[in-house]
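The values are calculated or read from the model by the stated rules, or taken from the named source; none is laboratory data. Since the model is a prediction, treat every value here as computed from it, not as a measurement. In this analysis, Cβ positions are derived from the backbone assuming ideal geometry, glycine residues included, and neighbour counts consider all displayed protein chains. These area figures cover heavy atoms from the full protein model, side chains too; ligands, DNA and RNA do not enter into them. Shrake-Rupley method; radii C 1.70, N 1.55, O 1.52, S 1.80 Å.
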Amino acid sequence: MRAAKEQARERGAAAQQKKQARRGGLRSGARADGRDPLPLGAAISRLITERGWEAPAAVGGVMGRWPQLVGDDVALHCEPQKYDEEARVLTVSCDSTAWATQLRLLAPTLVARLNADLGHGTVKLIKVLGPAGPARSYGRLRAPGSKGPGDTYG
């Protein structure tokens, strides 16, 4: 009889553990605990802080607010491409050489504005890229591996 009672108790404990696993584990009780649910914004903020992603997340926010920071005219012709966290360089591409030149002249002002928004030293340099040239066309009279007119004699 005692063995049957112990087996029944073990089956009940196993069923209770399965039920708790389905519900998401043990409840934390009356006091706040690390297992308590968090609002989504608080959970994301906690994750960003724990992983040390503050600067990349802030720069990502700047890329989303680019028109507000630089103005609508500049934002129409220039857009941020990437941010190198180690070198603290923001790369921006422009659709014409005139806008690339204009942005190079505005770069110190933009760096100061970005650092005021993100924190001192977040962006040290803005690298401005002009428009990309046309793709190289390979015609039927072109030798494979040649680099253009200067490469005709070997």
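Points worth noting:
- The residues of region 70-124 that are touching a Leu at 6+ places or on another chain (Cβ under 8 Å) and part of a loop (DSSP other than H, G, I, E, B), listed by number, are ALA87, ARG88, THR122, VAL123.
- Pair list, Cβ < 8 Å and 6+ apart or interchain, from region 51-69 residues that are part of a helix (DSSP H, G or I) to residues that are modelled with pLDDT under 75: LEU69/VAL62
- Residue pairs meeting the criteria (Cβ under 6 Å; at least 6 apart or on separate chains; first open to solvent by less than 80 Å² (accessible area, probe 1.4 Å) and of a type outside the set (S, T, N, Q), in region 101-118; second assigned to a helix (DSSP H, G or I) and modelled with pLDDT under 90): LEU118/ALA58
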